[in-house]
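Reading through the structure tokens given below for one structure.
The values are calculated or read from the model by the stated rules, or taken from the named source; none is laboratory data. Source: prediction; values computed, not measured. Methodologically, a virtual Cβ is constructed for each residue, glycine included, from the backbone with ideal geometry; neighbour enumeration extends over all protein chains shown. Side chains are part of the model used for accessible areas, which takes the heavy atoms of the whole protein and leaves out ligands, DNA and RNA. Shrake-Rupley method; radii C 1.70, N 1.55, O 1.52, S 1.80 Å.
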Amino acid sequence: MQTAIRFDPLRLPPETTTLREEVRAFLAEELARGTFDPAIGLRNPSYDRDFSKRVGARGWIGMTWPRQYGGQERSYLDRYVVTEEMRAASAPTWSHFVADRQSGPVILKYGTEQMKDEILPAICRGELCFAIGMSEPNSGSDLFAASCRAEREGEFYRLNGTKIWTSNAHRAEYMITLLRTSPPTKENRRHGLTQFLVDLRLPGITVRPIDQMPGSTDFNEVHFEDAMIPADHMLGEIDGAWKQATAELAYERSGPERFLETFSVLVGLVRQLGRDADIRAAEGVGRLVAQLHTLRRMSVSVAGMLEAGHEPVLEASIVKDLGTVWEQALPAKARDLAAFAHDKAGRDPSNQADFEDLIEFATLVAPKLTVQGGTTEVLRGIIARGLGLR
Ligand SMILES: Cc1cc2nc3c(=O)[nH]c(=O)nc-3n(C[C@H](O)[C@H](O)[C@H](O)COP(=O)(O)OP(=O)(O)OC[C@H]3O[C@@H](n4cnc5c(N)ncnc54)[C@H](O)[C@@H]3O)c2cc1C
């Protein structure tokens, strides 16, 4: 079925300027206190629970959620500004970011009242970390082949199986987990999956780290062996989670984090070239900035659609794919353009060392960008379907 691709030419409203200034002032204060270092923000583990608590105290986690659950009832565009500033500064947000972006909204939509009362305010205070339990060893792109199972036993579900590539599971208290509760039907192979809120501290759950190429151990294998979770930790419709998991992807794929993960390389390049960059280098930087600006306009547009209550899965896929392409090309382009600055007198050699460090790290990070949050091929498949091409 063909869907019209829609990117409304939305701009962030002037009211968001005050918020942006507040976030920048907060980050400047944090930097002055040395709580994180943006120069090595990429390499640093970007997880800091205390930092998250301070962000929570400002009211910047769960800021779109109802006040009743600790939120601020602000708009997605306000949330966009906070995310953008945090990412651009390479701030250590990963303790709260997944809960803020997608786990909290899922609980808000499908959780029980008790869950909302207990968990959402704690997320808003920056006290809880969440993981996403979708991928499995034999079910990544094809989420609907998931076989990790939950079997009902009285007031509990018994969990068995393995999730993989689970970011932050070794630090997280909870994981929203996609589990098989029934076999697929002949008519609908997506049938039979249910989402659950799983407390990762329960017995029967083992989290094993997996090393990543840049040297970090941010993701894991999560193994369930007869883990028992309360039956009322089910989220939404039994056997019908495919609709929920698909909608969640619009939140996951379109934010500024999808093209600002290695943004500090661009900042490093501009510093490296200095104010008197030659014409070719200046033109190259101009192109990179213009492309980034376009990506940002598209991403803001998706935030506007989320604000209006739509589920722009197709547009979010386009933002994620283009963001990946841009970020993957960035280290090589930056290295190429920086070559023009090489013979310049008066260059700060420490700046050069930092820059090379950034390039090296961004090069090692680049391959995973294609895979996390949906692979390039799969996203292009979604886009092609949306255009009526398949
Ligand atoms: C850094 C990082 C963090 C991650 N964090 C999480 C997380 O927190 N939680 C979580 O659940 N998962 C997470 N993932 C997993 C990620 O979502 C999956 O790796 C991804 O969906 C791909 O699944 P797969 O690895 O099984 O590859 P596969 O699906 O087996 O794909 C292998 C290759 O085949 C191609 N392919 C597959 N299907 C098609 C198709 N239909 N058409 C064309 N080509 C196709 C893919 O593009 C890919 O190139 C993370 C991954 C990374 C890299």
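May I ask you to rank Met305, Met234 by accessible area, largest first, using a 1.4 Å probe over the protein chains only? Mind dumping the intermediate values first?
Numbers: Met305 10, Met234 50 Å².
Listed by decreasing accessible area, they come as Met234, Met305.
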With N residues in the range 1-118, Rg(alpha-carbon) / (2.2 N^0.38 Å) equals 1.19
For the range 226-263, state which GluC sites (Glu not before Pro) are in a DSSP loop and have at most 14 other beta carbons lying within 10 Å of their beta carbon. Glu237
In degrees between 0 and 90, to the nearest 10, how far off the longest principal axis of the chain does helix 16-32 point, with axes built from Cα atoms? 80 degrees
Accessible-area value, Arg74, 1.4 Å probe, nucleic acids and ligands omitted, Å²: 90 Å²
Residue-by-residue Karplus 3J(HN,Hα) for the range 261-271, coefficients 6.51, -1.76, 1.60, Hz, glycine and proline x: 5, 10, 4, 4, 5, 5, 4, x, 5, 4, 5
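Roughly how many percent of the accessible protein surface of the chain is carbon and sulfur, given a 1.4 Å probe and a whole-percent answer? Before the final figure, lay out each step's value.
Numbers: 9350 of 17640 Å².
Roughly 53 percent of what the probe reaches on the chain is carbon or sulfur.
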Please identify, among Arg87, Arg158, Arg11, the residue showing maximal mean-square fluctuation in a Gaussian network model of the chain using a 10 angstrom Cα cutoff. Arg11
What's the local net charge at Gly71, with K and R +1, D and E -1, over the other residues with C-beta under 12 Å away? +2
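Can you tally the net charge around Arg33? Count Lys and Arg as +1, Asp and Glu as -1, for every other residue whose Cβ sits under 12 Å from the Cβ of Arg33.
On the way: positive: Arg54; negative: Glu29, Glu30, Asp37, Asp50.
Net charge around Arg33: -3.
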Does the range 174-261 classify as rounded, prolate or oblate by the C-alpha gyration tensor (a ≥ b ≥ c root eigenvalues; a/c under 1.5 gives rounded; else a/b over b/c gives prolate, otherwise oblate)? oblate
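Cα-Cα pairs above 29 Å in the chain: how many percent? Write down the numbers at each step before the final one.
On the way: 33960 of 75855 pairs.
For the chain, the fraction of Cα-Cα distances above 29 Å is 45 percent.
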Nearest-10 value in Å² for the accessible area of His170, using the 1.4 Å probe: 80 Å²
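Charges only on Cβ, +1 for Lys and Arg, -1 for Asp and Glu: so what's the dipole of the chain about the Cα centre, in debye to the nearest 20? Could the numbers behind the result be given before it?
Values: 47 positive and 54 negative charges, 161 e Å.
So the magnitude is around 780 debye.
All other residues with a Cβ under 11 Å from the Cβ of Ile382 taken together, and with Lys, Arg as +1 and Asp, Glu as -1, what is their net charge? Could the numbers behind the result be given before it?
Values: positive: Arg253, Lys320, Arg380, Arg385, Arg390; negative: Glu315, Asp321, Glu377.
Neighbour charge sum, excluding Ile382 itself: +2.
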GNM on the chain, Cα springs under 10 Å; top mean-square fluctuation among Asn188, Asn138, Asn160 goes to Asn188
With springs connecting C-alpha atoms under 10 Å apart, model the chain as a Gaussian network and identify which of Ala339, Ala303, Ala227 has the largest mean-square fluctuation. Ala339
